[in-house]
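Okay, structure first, notes after.
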Amino acid sequence: MAAERALRTAAPHELLTAVRGVLTEQYEAETVELFMADYGLTVLQPVSVLPHTLEPVSIHNSPAGRAFASQAPYVEALSSRASARAHLPVSVRGDRLGVLSVSLLRDQVDASLVELTDIAEVLAHELVVAERDTDLYLQARRKDRLTLAAEMQWQLLPGRSCSSPEYELGAQLEPAYAIFGDNFDWSATADRLMLYVTNGMGEGIEASLLTNLAINALRNARRAGISIDDQAALADQAVYAHYRGRCYLSVLMFDFDLATGRASVVDAGSPQLLRLRGGIVERVSFEAQLPLGMFEETDYVAQEFRVEPGDRLVFVSDGVYAVASPRGEAYGEAALNRAIQSTRLLPAAEVPRAILRELTGHRGRPAPEDDALVVCLDWHGR
C-alpha cells in the first residue's frame with residue numbers, strides 16, 4: 001500500500017525514486033534499479049539520469065533477462081551470503097516492459113518476494129500512465145537512435161505483447177530502429193479480439209505515413225462499432241482518397257469471438273498465416289482480396305475461420321518468408337515451418353524474436369533490406 005501510494009503521488013519522471021524510497025524504508029533494500037527492454041529485445045536498458053548510468057544488461061544471458069523471459073521472479077545469490085538480488089518482471093497485462101532489480105537481505109527476500117512482485121506490477125501500471133507526460137522511459141528503451149519513420153511506427157503500436165485467459169499475443173518488428181512499413185494492431189473487449197497485421201509499401205517516412213493513415217482509419221471504423229469487412233472498406237476509401245492508387249497497404253484482419261473461437265477474416269494482401277496444431281505446421285490460406293487503397297470503392301467480404309484451444313497462429317510479412325540468403329535462396333515455407341517447430345515450447349511473447357533471430361542467420365547479415373514482422377497468437381479458449 002505504501003508503494004502504491006508513493007507511486008501514484010510521484011511526478012511522472014520520479015517513479016524510480018518513489019519506489020526506491022519505499023523499498024529502502026519498508027524492506028531495507030540496499031539497491032533498487034529499473035531496466036527497460038530495448039526496442040530490439042536484445043538488452044535491458046537502465047533507467048537513470050546522466051551521468052549516473054549503469055551498463056545495459058543482456059536479455060538472453062543474465063539473471064535479469066531470465067526474469068524478463070520467464071515473467072517470473074528470479075532470485076540471484078550475491079557474493080555476500082546474507083544478501084540476494086530479486087529480479088522482478090515489470091509487466092502490464094502481459095505486455096513486458098522491463099525488470100525491477102532489488103538487492104536486500106536474503107531473509108527479507110524469502111519473506112517478501114510476493115509483495116515485491118506486486119510492487120513491480122504496480123510500477124508497471126504507473127509507467128504506462130507516466131509515458132503520456134515524460135519521455136524518460138521511452139528514451140531508456142533505446143540503445144540506438146530511432147529513425148523518424150521508426151519513431152512513428154513504434155508510437156502507433158498497442159504494445160508488443162498482451163494476454164488474457166483466452167489467448168496470449170506477442171509481436172516484434174525488425175529492423176527495430178529503422179522500421180518503416182510493417183505494423184500490427186489489436187483491441188479486445190469482454191467478448192471479442194480484433195487483430196490486424198499490415199504490410200505497407202514504400203520506404204522511410206512515406207511508408208510510415210501510409211501505415212499511420214491506414215491504421216487510424218481502421219481504428220476509427222472499429223471504434224464506430226461496424227463489422228470487419230466494412231472497416232476494411234472505409235479504410236480503403238481513406239487511403240485511396242489521399243493517394244489515388246499510387247500507394248496501397250496489405251492487411252490481414254481478424255475478428256475473434258472469445259467464447260467460441262470463431263473468427264471473421266478479411267485477407268487484403270500479402271501477410272501470411274501459419275498454424276501449429278497437434279505438432280503439425282500448415283499454412284492457412286484465405287480468398288485474397290485487393291490491398292487497401294489500390295482502387296476506388298473496393299468491396300470486401302469477410303470469410304469464416306475457427307481456432308481451437310491449443311492452436312498457435314503465426315503471422316508473418318513478406319520480409320520474413322521472401323527474404324533471400326546470400327546465395328539468393330528465399331527463406332520459404334519449409335524453413336519457416338522448422339522455425340515454428342523449434343520455438344513451440346516458448347511462450348507467445350518470446351516466439352517472434354526467436355523466429356527473427358533464425359531469419360538473421362539465413363539472411364547472412366544483421367540488417368535486413370525489408371521490414372520483417374512476426375506476430376504469434378496462442379489460443380487457449382474460454
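Output yes when any residue across segment 215-225 is assigned to a strand (DSSP E or B), over 21 Å from the mean Cα position of the chain (by Cα) and at pLDDT 95 or above, and no when none is. Looking for residues that are assigned to a strand (DSSP E or B), over 21 Å from the mean Cα position of the chain (by Cα) and at pLDDT 95 or above, one finds none in segment 215-225, hence no.
Residue check: residue 239 meets all listed conditions (1) crowded, with 20+ Cβ neighbours inside 10 Å; (2) hydrophobic (A, V, I, L, M, F, W, C); (3) within 24 Å of the chain's Cα centre (by Cα) but one, namely (3). Sub-7 Å Cβ pairs linking a first residue in segment 337-348 that is within 14 Å of residue 168 (Cβ to Cβ) to a second residue that is open to solvent by 60 Å² or more (accessible area, probe 1.4 Å) and of a type in the set (Asp, Glu), at least 6 apart or interchain, are 347/168; 348/168, ordered by first then second residue. Considering only residues in segment 127-153 that are more than 28 Å from residue 9 (Cα to Cα) and among the hydrophobic types (A, V, I, L, M, F, W, C), the one that is most open to solvent (accessible area, probe 1.4 Å) turns out to be 148. Every listed requirement among (1) modelled with pLDDT under 95; (2) open to solvent by less than 20 Å² (accessible area, probe 1.4 Å); (3) at negative phi is met by residue 159 save one, (3). Please enumerate the residues belonging to segment 12-35 that are surrounded by 19 or more Cβ atoms within 10 Å (Cβ to Cβ) and either under 15 Å from residue 115 (Cβ atoms) or of a type in the set (Gly, Ala, Ser) (or both). Listed by number, the residues that qualify are 18, 19, 22, 23, 27, 29, 32.
Taking first residues from segment 188-203 that are at positive phi and partners that are open to solvent by 10 Å² or more (accessible area, probe 1.4 Å), the Cβ contacts under 7 Å between residues at least 6 apart in sequence or on separate chains come to 202/247.
Residues that are under 26 Å from residue 340 (Cβ atoms), at pLDDT 95 or above and open to solvent by 10 Å² or more (accessible area, probe 1.4 Å) within segment 251-277 comprise 255, 257, 260, 262, 264, 267, 275, 276, 277, listed in sequence order.
A quick yes/no check of all residues on (1) of a type in the set (Asp, Glu); (2) over 20 Å from residue 268 (Cβ atoms); (3) touching a Gly at 6+ places or on another chain (Cβ under 9 Å); (4) assigned to a helix (DSSP H, G or I):
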position	(1), (2), (3), (4)
282	yes, yes, no, no
286	no, no, no, no
290	no, no, yes, no
310	no, yes, yes, no
334	no, yes, no, yes
339	no, yes, no, yes
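Each residue in segment 159-174 was checked for being more than 8 Å from the chain's Cα centre (by Cα), assigned to a loop (DSSP other than H, G, I, E, B) and not acidic (Asp, Glu), and 2 pass. Identification of strands (runs of 3 or more DSSP E) wholly contained in segment 48-105 with 1 or more residues that are open to solvent by less than 30 Å² (accessible area, probe 1.4 Å) yields 83-92, 95-105.
The values are calculated or read from the model by the stated rules, or taken from the named source; none is laboratory data. Just so it is clear, the model here is predicted, and its values are computed rather than measured. Neighbour counts are summed over all protein chains in view; Cβ atoms, including those assigned to glycine, are modelled from backbone coordinates with ideal geometry. Just so you know, the surface numbers come from the protein's heavy atoms only, side chains and all, with ligands and any DNA or RNA stripped out. Shrake-Rupley method; radii C 1.70, N 1.55, O 1.52, S 1.80 Å.
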